[in-house]
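Below you'll find the structure, written out as structure tokens, and then a few comments.
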Amino acid sequence: MNAAVVAVAFISACWGSFLNCLAYRLLEGTSVLKGRSRCPECKTEIKPYDLIPILSWIMLRGRCRSCKKSISWIYPVVELLAAIMGIFLWCTTPSNFSFAAYASLASLLLIHFHTDARDMVLLRPITLATIIIAFATASMNWLPISIISSFLGALLGFGILWSVRMFYLKVRNCEALGDGDPELLASIGAIVGPFGCMGILFISSLFASAFGITYALIKSKKNLLKLKFAYGPFLVLSTFIWIIWQKTLMHFLYHLPQF
Ligand SMILES: [Zn+2]
């Protein structure tokens, strides 16, 4: 591993730390420009040496230095995902424009990861910004899909999850999905196109089912259908997996033997 890759990883992880701060402040309704980061519990200002991405959280064992209350796992995970995506995009994107397009889209998805994992909230302005950037960058050939593919991906992503949500609301009288989930998959579809959208839906469903079953077993919950957890983080994680292993997954999912 050369020095440039280490530098990219560190800068990306710091960017992930900023995205955590942005997501937290968007949820709280406070300005991102106002003051230094504070502990969400005791409001003590976090010292610069406790702001090293991922490492500070590990060294403090996920607790605040002052009040010892636990700091969410979301913080290091977002920083780690930002570092992984940063390295991957820096090493693989064909141009600076392509890097900028993917990096900004991945950043918006990481904000969704944080807000949904923390409060089960998907902020509509973030989703809209993602769709607009995806359409704009696809039309300028900064993404490897055409604008038509981007549009179809958005339409398909929204249509599928909206139908699932409506089916459960009307037929089973329960909210199986939040109203932000169809919009999130629309924005993801706009980034990866219709085939990617279906692949991501498949992978995220596997992850979410595995998580739901494990969680129900640990918590000894009998009714799996009444279990409530955020789906957005699984969609975001699956999108990153799709972007990294797109060729392999495309081959695997769309060349399965026909029965
Ligand atoms: Zn504290």
Q) Are there cysteines in the chain with no other Cys C-beta under 4.7 Å, and if so, which? A) 14, 21, 91, 174, 197
Q. Mind listing the Cα extents of the stretch 185-242 along all three principal axes, in Å, largest one first?
A. 39, 16, 14
Q: May I ask which of 47/219; 69/219; 170/228; 34/69; 43/228; 47/69 have a Cα-Cα span longer than 26 Å here?
A: 47/219; 43/228
Q.
In the stretch 1-75, if the dipole is taken from +1 on Lys/Arg beta carbons and -1 on Asp/Glu beta carbons about the Cα centre, which of 60, 75, 29 is farthest to the positive end?
A. 60
Q. What residues have an amide H closer than 5 Å to that of residue 38, excluding those fewer than 5 places away on the same chain, when H is modeled at 1.01 Å from N in the peptide plane?
A. 46
Q | Simple spin-label estimate for residue 179 and residue 215 in nanometres, 7 Å along Cα-Cβ | A | 2.2
Q | Summed residue charge, Cβ within 15 Å of residue 20's Cβ, Lys/Arg positive, Asp/Glu negative | A | -1
**Q.** Residues residue 6 and residue 229, FRET efficiency given R0 of 41 Å [Cβ-Cβ distance, rounded to 0.05]
**A.** 0.70
Q: Using the Kyte-Doolittle scale, find the helices of the chain whose mean hydropathy is at least 0.5 and whose Cα atoms extend 15 Å or more along the helix's long axis, counting only whole DSSP H runs.
A: 3-28, 74-92, 124-139, 147-170, 180-218, 232-244
Q. What number, rounded to the nearest 500 deg cm²/dmol, is the helix-based mean residue ellipticity at 222 nm of the chain, given -39500 (n - 2.57) per DSSP H run of at least four residues and division by all its residues?
A. -23000 deg cm²/dmol
Q: Take the alpha carbon gyration tensor of the chain, find the square roots of its eigenvalues, order them as a ≥ b ≥ c, and report rounded if a/c is under 1.5; if not, report prolate when a/b exceeds b/c, else oblate.
A: oblate
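No lab work stands behind these numbers, since they all come straight from the coordinates. Quantities reported herein were computed from a predicted structural model and do not represent experimental measurements. Every residue, glycine among them, receives a Cβ derived from its backbone with ideal geometry; neighbour counts consider all protein chains shown.
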